Amino acid sequence: MIQTPQSYEFDKIEMRQVYANTILELAKNNSNVIALEADLMSAISTNKINGQIPKQLINCGIMEANMVGVAAGLALTGKIPFLHTFAQFATRRAFDQLFVSGAYAKLNLKILGSDSGVTAEHNGGTHMAFEDLGLVRLIPNSHVFEVSDGTMLGYMLRKVEKEYGIHYIRTIRKNAVKLYDENEVFETGKGKVLREGGDVSLIASGIMVAESLKAADLLHKMGIDATVIDMYSIKPIDIDLIVKYASKTKAVVTAENHNIIGGLGSAVAEVLSEHCPTRMRRVGVKEQFGQVGKADYLKEFYNLTVKDIIDAVKELKIK
Amino acid sequence: MNTNLPNLETFRDEIRLMTLKELHQLGFGHYGGSLSIVEVLAVLYGEVMKVNPRNPKWEERDYFILSKGHGGPALYATLSLKGFFPEEILYTLNQNGTTLPSHPDRNLTPGVDMTTGSLGQGISAAVGVALSHKLSDKGNYTFSLVGDGELNEGQCWEAFQFASHHKLNQLFVFVDDNKKQLDGLTKDIIDPLDFEEKFKAFGFYTIKVDGSSLKQIYEAIEKGKAQNDKPVAIILDTVKGQGVPYLEEKENNHHIRPNQEDETAILAAITQLENKLGKAVT
């Protein structure tokens, strides 16, 4: 088990810098790695590595549907395409392309969806994806991850390069709360237990992992001990771990920067209802579209705060 | 023309015959848009493309991506005649459990290079294949075929901009300009205006040919190969239902579920082609 961070400090390196650095490393080590962008290179910092891998970093312009199709064509000839754009363009905008040209054709595509949920901030409702995890989860044999810090992002990028299939990684662009040491290992289909407690299990992904840890600190002071799980692998999901902690704590709260339909909360509810019916609450976005605002304001608006997690635990009347 | 035209004419007739026979066996299907691409398939697979039926995934091959996936039956007839799979398989078209679905699936059928059918998508994949070969300094050609109706899809024009920007001169885009789409004439649904002018404006080396002329199609490909800084668009002036006069005349010939009159005409066309090819009438 990881030590709970004593303080919840942001990592010094931004997630986008991790992406650019890792793509540069992968491209230099493997000439088959081709990174594709849709006119958001300067948003994700790949513009800083452009000159170093000119034949392996292609700006496709503002045409996401074509970018997915071009990636499929590259994959047909053995290349390993990494595609990046904002999460809603990577999924909502190009869904049929991802589904048919990518997954149905059984091709090898790595997709980074950035600016997840409320972290799209001032780009507002058109750019705010609360549905992307659900969309990609619906695609047969897809792999869906939401990364919570830079160590994990770098690890997962290196990992998916070596695995075949459709891999979708959801991330924020800027600094995440640092959760993991550089030597941490992340497996597909596994969750990470970050804190042990016998009264309730908080299962979270992305930015809501740190919020859940903070909630657990406060719950402890209220006499409620919470387990906190970073469920970065949303598909496949860690059924054994969910069942183990649901059996132990008898109560589960999920927390996600995403619609509660389709994402982590749905995935956990599906596991519990089939394997270990357990009282649960889902913290997340409910029947709403995005809007402009700073992330802190938006977290409050959409009920994605530490307080919302604690309220959900209280609703379950654990003690 | 430095090619054996009589052999190509025979191959064309065989593709048309087998396309009719597999659709007739099924009882319904995309007759119109399958028949209008027979000539270009005959030239590509009969003369132009490097393929290996014993090793469909041969890395040195030229690629063919049928972006207008509903033309699948004509592609299957061609691949079967080339020896990618036995003739009997053709008669399983669209049946339960078949390896020949109405729209091509690269994971089911030997020789099919890309899964297509959701219109506008195959062309992007073709662009990706051509880009890949260019990045790796390989000489493989990528041939792709889009429908005139399919060009309603905005994704096609995204792909053309991309191909032109990256100077993908080993990419050939054939347009099956048969003037009809499912609901009627293309000019009545979304007027395509002048494809030749549009492709030129998008930076393509563009040639318009009679899509029923093997010689013109072949010569256009040769001209396209002779230049090295642009992707190539070959506009095929075709007729939906091409090569079967009765079907050419039929108004709604995109997808046909034959009535008695259609049935008689289709059987007559099959018999006529069999006689021409010297095959026993069965």
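The values are calculated or read from the model by the stated rules, or taken from the named source; none is laboratory data. From a predicted model like this one, the values you see are computed outputs, not experimental measurements. Heads up, the Cβs are rebuilt from the backbone with ideal geometry, glycines too, and the neighbour counts pull from every protein chain shown. Note: areas computed on protein heavy atoms with side chains; ligands, DNA, RNA excluded. Shrake-Rupley method; radii C 1.70, N 1.55, O 1.52, S 1.80 Å.
Using only the Cα atoms of the protein assembly as shown, construct the convex hull and provide its projected area averaged over every direction, in square nanometres to one decimal.
Working: hull surface 116.1 nm².
The directionally averaged projection comes out at 29.0 nm².
So what's the net charge close to residue A:166: Lys and Arg +1, Asp and Glu -1, counting the other residues with Cβ under 12 Å from its Cβ? Please report the intermediate quantities before stating the final value.
On the way: positive: A:106, A:110, A:137, A:235; negative: A:163.
Counting the neighbours of residue A:166, the net charge comes to +3.
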Worksheet item: Taking the alpha-carbon centroid of each part, what is the distance from the stretch A:52-96 to the stretch B:67-92 in angstrom?
Response: 31 Å
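Please report the antiparallel percentage of the DSSP beta bridges confined to the protein assembly as shown, to the nearest 5. Intermediate values should be presented prior to the final figure.
Values: 9 of 68 bridges.
Percent antiparallel among DSSP bridges in the protein assembly as shown is about 15.
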Discussion item. Which of the three applies to the stretch A:192-315, rounded, prolate or oblate, going by the alpha-carbon gyration tensor with a ≥ b ≥ c and a/c under 1.5 meaning rounded?
Written reply: oblate
Practice prompt. Just list whichever of A:106/B:82; A:48/A:106; B:134/B:230; A:178/A:299 have alpha carbons separated by over 23 Å in the model shown.
Written response: A:106/B:82; A:48/A:106
Worksheet item: Three principal axis extents, largest first, for the C-alpha atoms of the stretch B:5-276, in Å?
Response: 51, 45, 36
Worksheet item: Could you give the angle, 0 to 90 degrees to the nearest 10, between helix B:72-82's Cα long axis and the longest principal axis of the Cα atoms of chain B?
Response: 90 degrees
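Return the loop-located trypsin sites (Lys or Arg not before Pro) in the stretch B:212-282 (DSSP other than H, G, I, E, B) with at most 14 other Cβ atoms within 10 Å of their own Cβ; answer none if there are none. Don't skip to the end; give the middle numbers.
Working: sites: B:215, B:223, B:225, B:240, B:250, B:276, B:279; in loops: B:240, B:250, B:279.
The qualifying sites are B:279.
Summing Lys, Arg as +1 and Asp, Glu as -1, what charge do residues with Cβ under 12 Å from the Cβ of residue B:121 carry, residue B:121 excluded?
-3
By the scheme Lys and Arg +1, Asp and Glu -1, what is the net charge of all other residues having a beta-carbon under 10 Å from that of residue A:144?
Working: positive: A:137, A:170, A:235; negative: A:132, A:146.
Combined, the nearby Lys, Arg, Asp and Glu give +1.
Going by accessible area, probe 1.4 Å, with all protein chains left in place, what is the ranking of B:156, A:276, largest first?
Details: B:156 0, A:276 20 Å².
Largest to smallest exposure gives the sequence A:276, B:156.
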Worksheet entry | Choice from A:272, A:213, A:98 showing the highest fluctuation, given a GNM over chain A with Cα pairs closer than 10 Å | A:272
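Ignoring ligands, DNA and RNA and using a 1.4 Å probe, state the total buried accessible area between B and A in Å², rounded to the nearest 100.
Accessible area lost upon association: around 2100 Å².
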Discussion item. Compute a Gaussian network model of chain A, connecting alpha carbons closer than 10 Å, and tell me which residue from A:109, A:179, A:40 fluctuates the most.
Written reply: A:40
Discussion item. Cross-link candidates for residue A:110: which aspartates and glutamates have Cα within less than 18 Å, leaving aside residues fewer than 8 places away along the same chain?
Written reply: A:25, A:37, A:39, A:64, A:96, A:132, A:146, A:161, A:163, A:187
Worksheet item: Which value in nm describes the separation of the simple spin-label points at residue A:247 and residue A:270, placed 7 Å from the Cα toward the beta carbon?
Response: 2.2 nm
Worksheet item: Helix A:150-161: angle to the longest alpha-carbon principal axis of chain A, degrees 0 to 90, nearest 10?
Response: 50 degrees
Worksheet entry | Cross-link partners of residue B:279 among aspartates and glutamates (Cα-Cα below 20 Å; sequence separation of 8 or more within a chain) | B:9, B:13, B:14, B:22, B:87, B:88
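Determine the percent antiparallel among the DSSP beta bridges restricted to the stretch B:172-282, to the nearest 5.
Working: 2 of 14 bridges.
Bridges in the stretch B:172-282 are about 15 percent antiparallel.
On average over all directions, what projected area in square nanometres does the stretch A:15-170 have, based on the convex hull of its Cα atoms? It would help to have the intermediate numbers written out before the result.
Numbers: hull surface 31.5 nm².
Taking a quarter of the hull surface, the average projection is 7.9 nm².
Using helices alone, I'd like the mean residue ellipticity at 222 nm for the protein assembly as shown: each DSSP H run of four-plus residues gives -39500 (n - 2.57), total over residue count, nearest 500. Please report the intermediate quantities before stating the final value.
Details: 22 runs with 225 residues, N = 601.
Value at 222 nm, helices only, nearest 500: -11000 deg cm²/dmol.
Once R0 is set to 22 Å, what does the formula 1/(1 + (r/R0)^6) return for the Cβ-Cβ distance between residue B:222 and residue B:277, expressed as a FRET efficiency to the nearest 0.05?
Numbers: r = 27 Å, r/R0 = 1.25.
It comes out at approximately 0.20.
Which whole-number percent gives the relative contact order of the stretch B:5-276, counting Cα pairs below 8 Å spaced six or more residues apart? Present the calculation step by step, with values, prior to reporting the outcome.
Numbers: 524 pairs, mean separation 60.9, N = 272.
Here the relative contact order equals 22 percent.
Is there a pair in B:68/B:276; B:68/B:180; A:174/A:294; A:28/B:57 whose C-alpha atoms are over 21 Å apart, and which pairs would that be?
On the way: B:68/B:276 29 Å; B:68/B:180 13 Å; A:174/A:294 13 Å; A:28/B:57 27 Å.
Beyond 21 Å: B:68/B:276; A:28/B:57.
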Practice prompt. Towards the positive end of the charge dipole of the stretch A:15-170, with charges on Cβ (+1 Lys, Arg; -1 Asp, Glu), say which of A:84, A:169, A:53 has the farthest Cα.
Written response: A:53
Practice prompt. Within the stretch B:1-60, list the GluC sites (Glu not before Pro) lying in a DSSP loop whose Cβ has at most 16 other Cβ atoms in a 10 Å radius.
Written response: B:59, B:60
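Work out how much length residue B:136 to residue B:10 would gain on full extension: take 0.36 nm times their residue separation and subtract the Cα-Cα distance, in nm to one decimal.
Numbers: separation 126, 0.36 × 126 = 45.36 nm, distance 3.71 nm.
Separation in residues times 0.36 nm, less the Cα-Cα distance, equals 41.7 nm.
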Worksheet, complete the sentence: Surpassing 24 Å at the alpha-carbon level, of the pairs A:190/A:307; B:179/B:250; A:12/A:79, are A:190/A:307; A:12/A:79
Worksheet item: Among the trypsin sites (Lys or Arg not before Pro) within the stretch A:135-204, which fall in a DSSP loop and have no more than 12 other Cβ atoms within 10 Å of their own Cβ?
Response: A:162
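Determine the relative contact order of the stretch B:154-231: mean sequence separation of Cα pairs under 8 Å and six or more apart, normalised by residue count, in whole percent. Spell out each step's value before the answer.
Numbers: 57 pairs, mean separation 34.3, N = 78.
Here the relative contact order equals 44 percent.
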Worksheet, complete the sentence: Looking only at aspartates and glutamates whose Cα falls under 19 Å of residue B:198's and that sit 8 or more positions away or on another chain, we get B:148, B:150, B:153, B:158, B:176, B:177, B:188, B:210, B:229, B:237
Practice prompt. At a temperature of 20 °C and a viscosity of 1.002 mPa s, determine how fast chain A diffuses translationally according to Stokes-Einstein, using the Kirkwood radius over alpha-carbon pairs as Rh; express D in µm²/s, rounded to the nearest whole number.
Written response: 110 µm²/s
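Just by accessible area at a 1.4 angstrom probe, what is the order of A:306, A:253 from largest to smallest?
Values: A:306 25, A:253 0 Å².
Per-residue accessible area, sorted high to low, gives A:306, A:253.
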Worksheet entry | Max mean-square fluctuation residue, GNM over chain A, Cα-Cα springs under 10 Å, options A:37, A:211, A:270 | A:270
Practice prompt. List the relative contact order of chain A as a percent without decimals, with contacts defined as Cα pairs under 8 Å and 6+ residues apart.
Written response: 18 percent
Worksheet item: So, with a 1.4 angstrom probe, what is the percent of accessible area on the stretch A:162-319 that is carbon and sulfur?
Response: 53 percent
Discussion item. Taking every DSSP beta bridge with both residues inside the stretch A:192-315, roughly what % is antiparallel (nearest 5)?
Written reply: 15 percent
Discussion item. Give me the 1.4 Å probe accessible area per residue for the protein assembly as shown, excluding ligands and nucleic acids, in Å².
Written reply: 39 Å²
